[in-house]
1. Being in contact (Cβ under 8 Å) with a residue 40 or more places away in the chain, in a helix (DSSP H, G or I) and open to solvent by less than 40 Å² (accessible area, probe 1.4 Å) is the filter here; which residues of segment 47-65 pass it?
2. Can you tell me which condition ALA68 does not meet? The list is (1) in contact (Cβ under 8 Å) with a residue 60 or more places away in the chain; (2) open to solvent by 10 Å² or more (accessible area, probe 1.4 Å); (3) more than 21 Å from SER134 (Cβ to Cβ); (4) not aromatic (Phe, Trp, Tyr), and all the others hold.
3. Which of the residues belonging to segment 125-146 are more than 25 Å from MET61 (Cα to Cα) and assigned to a strand (DSSP E or B)?
4. If you scan segment 177-198, which residues turn out to be open to solvent by 40 Å² or more (accessible area, probe 1.4 Å) and part of a helix (DSSP H, G or I)?
5. Looking at (1) of a type in the set (A, V, I, L, M); (2) farther than 30 Å from LYS166 by Cα; (3) open to solvent by 40 Å² or more (accessible area, probe 1.4 Å), find the lone condition where LEU31 falls short.
6. Being of a type in the set (Asp, Glu), farther than 15 Å from ILE51 by Cβ and touching a residue at least 12 places away in the same chain (Cβ under 8 Å) narrows it down to one residue among GLU130, GLU122; which is it?
Amino acid sequence: MPSQAPRHRSSFTDEAIDEYAALHSTPPDRLQVELQEITKDKTGEAAGMQIGDDQAVLMEMIVRAMGARRAIEIGTFTGYSALAVARGLGEQGRLLCCDLSEEWTAIAAKAWEKAGVAERIELRIGPGVETLRSLPSEEQFDFAFIDADKPSYGTYYEEVLLRLRKGGLILLDNMLQGGRVLDPSADDESTRVIRSLNARIVADERVKVVLLPIGDGVSVVQKL
């Protein structure tokens, strides 16, 4: 078991509770810790884009419990979330990863190979919207994770939902924007887009949604 302290990232729960919860959740294994360290070394401050340990465990468990076999991820970075999803999918599962950066996803590819999940993952470099629209407009995915440029979240949501099977799940990251969604004076584009999308999803009769205060806020959306 890794000796490093768990990475608890939520600023929305009491610090002591957050620490206790982290210590009583399954910690990252050696390969995950190594990927965290490489990401910090190679990407500097951008390493903050990597999801937390608790979120990775949750995603892997959800995917496995669903029996999901086809998944898509919009925004891959250095591959930590994709590693969790691929493990949950199992040997017969397939994950399509979409990202713009060849540099950052090269780190991901090495980690996937070392973890023995590379054969389950297809990586496409290019704008996520273009990749999505190049896919058949039919239900084909069991699970999706959206964690990319925030101004495009609304488009990603619609394009993914179109291709998600009934009963399938979409997880959207950063849906609290550091709490700025609650601040009327916060008028940056990302916050405006996410605030609007949160309102749109909860009113969307095609889905059910729960917004969890884990990390920077994760919306779990189920297609009805």
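1. Correct list: ASP53, GLN55, MET59, ILE62, VAL63.
2. (2)
3. Matches in segment 125-146: ILE125 only.
4. GLY178, ARG180, LEU182, GLU189, ARG192, ARG195, SER196
5. Tallying (1) of a type in the set (A, V, I, L, M); (2) farther than 30 Å from LYS166 by Cα; (3) open to solvent by 40 Å² or more (accessible area, probe 1.4 Å), LEU31 fails exactly one: (3).
6. None of the other options fit; the residue is GLU122.
The values are calculated or read from the model by the stated rules, or taken from the named source; none is laboratory data. These numbers were taken from a predicted model, which means no experiment stands behind them. Note that we place each Cβ from the backbone using ideal geometry, even for glycine, and neighbour counts take in every protein chain shown. All accessible areas refer to the heavy atoms of the entire protein, side chains included, with ligands and DNA or RNA removed. Shrake-Rupley method; radii C 1.70, N 1.55, O 1.52, S 1.80 Å.
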